[in-house]
Amino acid sequence: MNTYIVENARYYKCLMGDCPEPCCRWWTIQVGDDTYENYRRLGGMHGRLMRFFIKGKKEKSIRKVFGRCPFLVDHGLCRFQKDGGNRDLLPLVCAQFPFQVLDLGERREITMLLSCPATAAVFTDHPREISFIRTDEKYISYYITNNDDRPFLEALLRQRDEAVAAVCDETHGLPVLFGAVYARAAASNARYLSNTMRETAGEVKLTLDPDEWGKYLVSPEPTNAFFPIELIDEIILGLIDYTTMSVRNTHFFMLIRRYKRIFGRLYQGEAEKWLDARLQELHAKDSGYADRHRYYFAYTLLQLYPYAYDTYFWQRQVLLAILYTELLEIFDVTEYISMGKVPDRRARILTLSSFEHGTRHNPAMTENIFNLIRRKFL
């Protein structure tokens, strides 16, 4: 197994008790079969207590107490990690978070989930360092693809790497890159899913000329609003789980309220032009935001593309990567307008981590979002 880790992961350090949004609070902490079997073997009161805090039959998870993990002790530490505790009792998701570990054949890829404030801080400070480097560190994958189509995997990763390289080349702005990456993915994916054209899927080239995007041209004049604001509005206000957000993700709850106040008074065409103008203004005042949005798109492509190894549907992954980037741009602009100044480092970190937490860790919500995109956009 060849293991690769994203370059800026070397800066990561858990904040423990100083973390503003501990992963032991409000998250669903799944317990795998192997870990639960370790709980079953425990005898006495300790074993009964461990099993009491497990809920579910087929898919097991830890039962929270006042919204937090019952195994959390002082200084924001876990009792299974503190002072050399029994790590065999630590759920795999806890042992690996905030890293995403994917096994793709003989290749293992490790990236950071930016919903963690510590990883969001790393990305905020080092957005350009997203290349993969070899590592000898040991990680256990909790996502193993069941596919064995090696030629397809090689083609998929090659197209992923070409897309990421194009985005990181700062010759063109994000609006053109959104259109180019999508047009290439959609055209090549359509060929691959056709029995008569599958062999020509690799012949579709990534081009930055809108005149060559054919029927996959979304707009003659590409803008940062790749998805219409009307669709974005339906996603933010209709599909993002808003019910308990004020308690479990306070910053994101406030961002959504500010979004409603700012964008709710704009007409659709006006809103899209306004977003473009405010983004240009923000990028001019602080070029770090231009890097943030460009490299976030590249990083999201890096993370999402490989999931198509199981589904053969990489067009979906590209659309989600564009959506998440557009949402980050919108929430950054929302914060900028609400504060009346360029947000400081702390605000950037909280916006990124809370936005990722609120949008990217709910598979059912992700499926609902894509179904809406399929109905109203494709």
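The values are calculated or read from the model by the stated rules, or taken from the named source; none is laboratory data. Quick caveat: nothing in here was measured; it's all calculated off a predicted structure. With ideal geometry, Cβ positions are generated from the backbone for all residues, glycine too; neighbour counts draw on all protein chains shown. Note: accessible area is taken over every heavy atom of the protein model, side chains too, but ligands, DNA and RNA are not part of it. Shrake-Rupley method; radii C 1.70, N 1.55, O 1.52, S 1.80 Å.
Give the ranking of 14, 94 by solvent-accessible surface, highest area first, calculated with a 1.4 Å probe.
Ranked from most to least accessible, the order is 14, 94.
Would you tell me the accessible area of residue 78, worked out with a 1.4 angstrom probe on the heavy atoms of the protein chains, in Å² to the nearest 10?
Roughly 20 Å² of residue 78 is accessible to a 1.4 Å probe.
Counting pairs of alpha carbon atoms under 8 Å apart in space and at least six apart in sequence, what relative contact order in percent does the chain give?
Numbers: 458 pairs, mean separation 72.4, N = 378.
It rounds to 19 percent for the chain.
Given a 1.4 Å probe and the protein chains all in place, what does the accessible area of residue 304 round to, in Å² to the nearest 10?
Taking all protein chains as shown, residue 304 has close to 20 Å².
Straight-line reach only, C-alpha to C-alpha below 22 angstrom: list the lysines that residue 376 could link to, leaving out same-chain residues fewer than 8 apart.
Output for residue 376: 215, 260, 273.
In nm², what is the average projected area of the convex hull enclosing the Cα atoms of the chain?
Working: hull surface 79.7 nm².
One quarter of the hull surface, i.e. the mean projection, equals 19.9 nm².
Kirkwood Rh over Cα pairs of region 80-179 into Stokes-Einstein at 25 °C, 0.890 mPa s: D in µm²/s? Walk me through the intermediate numbers first.
On the way: Rh = 16.4 Å.
Roughly 150 µm²/s, to the nearest whole number.
I'd like the orientation of helix 174-192 relative to the chain: the angle between its Cα long axis and the longest Cα principal axis, in ° from 0 to 90, rounded to 10.
It works out to around 80 degrees.
Suppose every Lys and Arg Cβ carries +1 and every Asp and Glu Cβ carries -1, with no other charges. What dipole size does region 1-69 come out with about its Cα centre, to the nearest 20 debye?
Working: 14 positive and 7 negative charges, 100 e Å.
Dipole size: approximately 480 debye.
Set Lys and Arg Cβ to +1 and Asp and Glu Cβ to -1, take the dipole of the chain about its Cα centre, and tell me which of 378, 259, 5 lies farthest positive.
259
What accessible surface, in Å², does a 1.4 Å probe find on residue 1, ignoring ligands, DNA and RNA and rounding to the nearest 10?
110
Below 12 angstrom from the Cβ of residue 180, what's the summed charge of the other residues (Lys, Arg +1; Asp, Glu -1)? Intermediate results must be reported in sequence, preceding the final value.
Details: positive: 184, 205; negative: 162, 169, 209, 211, 212.
So the surrounding residues net to -3.
At q = 0.13, 0.15, 0.25, 0.28 Å⁻¹, what base-10 log of I(q)/I(0) does the Debye formula yield for region 260-330 when every alpha carbon is treated as an equal point scatterer in vacuo?
Ignoring solvent entirely, the Cα scatterers give -0.49, -0.62, -1.05, -1.16.
Place a +1 charge on the Cβ of each Lys and Arg in the chain and a -1 charge on the Cβ of each Asp and Glu, then give the dipole magnitude about the Cα centre in debye, rounded to the nearest 20. Mind dumping the intermediate values first?
Numbers: 50 positive and 48 negative charges, 369 e Å.
So the magnitude is around 1780 debye.
Are there cysteines in the chain with no other Cys C-beta under 4.7 Å, and if so, which?
Cysteines of the chain left without a disulfide-compatible partner: 14, 19, 23, 78, 94, 116, 168.
May I have the extent of the alpha carbons of region 150-294 along their three principal axes, as whole Å values ordered from largest to smallest?
The Cα atoms of region 150-294 stretch 50, 35, 28 Å along their principal axes.
Quick one: angle between helix 345-359 and the longest Cα principal axis of the chain, in degrees between 0 and 90, rounded to 10, please.
So the inclination is approximately 80 degrees.
Accessible area, 1.4 Å probe, largest first: how do 116, 23 sort?
Numbers: 116 15, 23 55 Å².
Per-residue accessible area, sorted high to low, gives 23, 116.
What part of the accessible area of region 288-378, given as a whole %, is carbon or sulfur when the probe is 1.4 angstrom?
Of the solvent-accessible surface of region 288-378, carbon and sulfur hold 49 percent.
In whole percent, and with a 1.4 Å probe on the protein chains, what portion of the accessible area of region 1-145 is carbon and sulfur?
Details: 4120 of 8150 Å².
Solvent-exposed carbon and sulfur of region 1-145 make up 51 percent of the total.
Please report the antiparallel percentage of the DSSP beta bridges confined to region 1-159, to the nearest 5. Mind showing how you got there, number by number?
Details: 16 of 22 bridges.
Percentage antiparallel, nearest 5: 75.
Any idea what angle helix 150-168 forms with the longest principal axis of the chain, computed on alpha-carbon atoms, 0 to 90 degrees, nearest 10?
Here the helix axis deviates by roughly 70 degrees.
Among DSSP bridges having both ends in the chain, what percentage is antiparallel? Round to the nearest 5.
Working: 16 of 22 bridges.
Antiparallel bridges make up about 75 percent of those DSSP assigns within the chain.
Accessible area per residue for the chain in Å², computed with a 1.4 Å probe and the full protein assembly in place, what is it? Write out the running numbers ahead of the final one.
Working: 18400 Å² over 378 residues.
Spelled out: the 1.4 Å probe surface of the chain, per residue, equals 49 Å².
At 222 nm, what helix-only mean residue ellipticity would the chain give, in deg cm²/dmol to the nearest 500, using -39500 (n - 2.57) for each DSSP H run of four or more? Don't skip to the end; give the middle numbers.
On the way: 15 runs with 189 residues, N = 378.
Estimated from H runs of four or more residues: -15500 deg cm²/dmol.
If you rank 58, 376, 64 by how much accessible surface each has, with a 1.4 Å probe, what is the order from largest down? List each step's numbers first, then the result.
Values: 58 185, 376 125, 64 55 Å².
Order by accessible area, largest first: 58, 376, 64.
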